[in-house]
1. Consider residue A:10 against the criteria (1) under 20 Å from residue B:44 (Cα atoms); (2) within 14 Å of another protein chain (Cβ to nearest Cβ); (3) exposed (fewer than 13 other Cβ atoms within 10 Å of the Cβ): it satisfies all of them except one. Which criterion is unmet?
2. Quick one: which residue in B:45, B:75 is away from chain A (no Cβ under 11 Å), within 19 Å of residue B:102 (Cα to Cα), surrounded by 19 or more Cβ atoms within 10 Å (Cβ to Cβ) and in contact with a Lys or Arg (Cβ under 7 Å, 6 or more places away or on another chain)?
3. Pick out, from segment B:27-95, the strands (runs of 3 or more DSSP E) lying fully within it that include 2 or more residues that are without any contact (Cβ under 8 Å) to a residue 40 or more places away in the chain and under 26 Å from residue A:89 (Cβ atoms).
4. State the number of residues belonging to segment A:13-46 that are under 23 Å from residue B:38 (Cβ atoms), within 11 Å of another protein chain (Cβ to nearest Cβ) and in a strand (DSSP E or B).
5. What is the residue count in segment B:1-13 for residues that are more than 14 Å from residue B:107 (Cα to Cα) and either surrounded by 13 or more Cβ atoms within 10 Å (Cβ to Cβ) or in contact (Cβ under 8 Å) with a residue 40 or more places away in the chain (or both)?
6. Which condition from (1) within 14 Å of another protein chain (Cβ to nearest Cβ); (2) at pLDDT below 95 is the one that residue B:104 breaks?
7. Residue pairs, Cβ under 7 Å, 6 or more apart or interchain, first in segment A:83-112 and farther than 14 Å from residue B:37 by Cβ, second among the charged types (D, E, K, R) and modelled with pLDDT under 90. List them.
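The values are calculated or read from the model by the stated rules, or taken from the named source; none is laboratory data. None of these values were measured; they are calculated from a predicted model. Cβ placement follows ideal geometry from the backbone for every residue including glycine, while neighbour counts extend to all protein chains displayed.
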Amino acid sequence: GESVGLHLPTLSVQEGDNSIINCAYSNSASDYFIWYKQESGKGPQFIIDIRSNMDKRQGQRVTVLLNKTVKHLSLQIAATQPGDSAVYFCAENRQGAQKLVFGQGTRLTINP
Amino acid sequence: EPEVTQTPSHQVTQMGQEVILRCVPISNHLYFYWYRQILGQKVEFLVSFYNNEISEKSEIFDDQFSVERPDGSNFTLKIRSTKLEDSAMYFCASSRVETQYFGPGTRLLVL
C-alpha cells in the first residue's frame, strides 16, 4: 500500500534561480499526469499536464519531464519568484479511471 | 476565468451530526469529484460523479457519505453522521474531460 507521512520533502531556492521538483509514481498503467500547486489554505491549482506518449511539455516558465522507464516525473520552474512558494503535488491518472492519485508533495520555498 | 466554488469555507460540527458541503462546478464540465486532505497529508480521492450517478469511489467513501446533484449547478457531499476522523479539508473538482480543476475547499472540523 501507499505510505502516508506527515513530513513533506522541502526545497529552498534563491529567487531567480531555477528549481526542479521530482515525483515518483507507482502505477505503470498511468497515462496522464498533472502538476498542481497548493498555496496555504487554498485548493490545488492546475499548473501543467502531460500524457504518457510525450516525454516533455513546456508552459510559461514551467517544464514537465516524464520518464516512463523509471516512473519518474519532474517539474522545472525557471526564474523562480516569491509567488512560486507553495506545496507542489504530482498526480497520476490511469486510463479508464477517473480518480487522481496524488503524490506526497514537495514544499518549495523561494528565498529573497 | 470560470472557477469551482465551494460553500461554506469553514464548518464546525459536533460528532454524530450531519453536514452538507456544497460545490458549484465549472458550468460546461461533465465530471464532478470530491477529494479530502487531512492536515499535513496528501489529497485523497473520495468519489467521482458523471451523468447523474457515481462512476467511481474509494474505500473512504462508505455508507456515511453520499453525493447529489440536486439541480443543474450544485454538487453536494453529505456526511450522515460525522466522526472525529472526518475532520479535513474537502475539495470539490470538476472536469470537462481529464483535467480536473479544484475549488478552494471547505475546512470541516468535527468536535
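1. (1)
2. Checking each option against the conditions leaves just B:75.
3. Result: B:44-50, B:53-57, B:65-68.
4. 6
5. 2
6. Among (1) within 14 Å of another protein chain (Cβ to nearest Cβ); (2) at pLDDT below 95, residue B:104 violates only (2).
7. Final answer for the pair search is A:93/B:98.
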